[in-house]
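Novice: Quick one: the structure is below, and I'll ask about it shortly.
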Amino acid sequence: MANNPYDEMFRNIARLMERILSEMPLHDPRIIGFTIISGLPEGSPYLDPSAENENEGSDVEVVEGDDCIYITAMTDARAEGAPYVTFQKNSVTLCTGGNEETVIDLDCEIDILHSFYNVQHGVIDAVCRKKSVPGEIARS
């Protein structure tokens, strides 16, 4: 069987998950969801998640990659109405349930037609495709 170049990475992820699960409390552990993003895009600043930020206490996480901006938020299961995301040219509006909406301003223009979101197990994940600059080679 040929070696897959990602075999080592998947072995490392499996070891990491085993370690996380072995250190969790024995009473009803749950993993709701997670995203693995390898490395930072060139020239992007390092964001220290332990540092205080303006969104402290917020249930919204925004991570910018080379081609996409990833937004993750917890939904409110007790609220009336389904959670949804509305994409605009330079912002995203999140409704995590009920009537309350959160507007997230973006530093770049996004491709609205190719952006999407998913709601599963109390978590809403939005993927905002960055709009390609004319003449730039789009990655996939």
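The values are calculated or read from the model by the stated rules, or taken from the named source; none is laboratory data. Model, not experiment: these values are computed from the prediction. Because the Cβ atoms are built from the backbone with ideal geometry, glycine has one as well, and the counts that use them run over all protein chains shown. Please note that ligands, DNA and RNA were not included when accessible areas were found on the heavy atoms of the full protein model with its side chains. Shrake-Rupley method; radii C 1.70, N 1.55, O 1.52, S 1.80 Å.
Novice: Just to be sure, is D7 surrounded by 14 or more Cβ atoms within 10 Å (Cβ to Cβ), of a type in the set (D, E) and modelled with pLDDT of 60 or more?
Specialist: Spelling it out, it is not the case that D7 is surrounded by 14 or more Cβ atoms within 10 Å (Cβ to Cβ), of a type in the set (D, E) and modelled with pLDDT of 60 or more.
Novice: Could you list all residues from the range 115-131 that are surrounded by fewer than 14 Cβ atoms within 10 Å (Cβ to Cβ) and at pLDDT 90 or above?
Specialist: F116, N118
Novice: Could you list, in sequence order, the residues of the range 57-83 that are part of a strand (DSSP E or B), touching a residue at least 40 places away in the same chain (Cβ under 8 Å) and open to solvent by 60 Å² or more (accessible area, probe 1.4 Å)?
Specialist: Within the range 57-83, V62, E64, Y70, M74 qualify.
Novice: Another question, if that's okay. On the given criteria, is L94 modelled with pLDDT of 85 or more and in a helix (DSSP H, G or I)?
Specialist: Here the answer is no, as L94 does not meet what is asked.
Novice: With the structure loaded, tell me whether A14 is more than 16 Å from S115 (Cβ to Cβ), loosely packed, with under 12 Cβ neighbours inside 10 Å and at pLDDT 75 or above or whether it fails that test.
Specialist: Taking the combined requirement at face value, the residue satisfies it.
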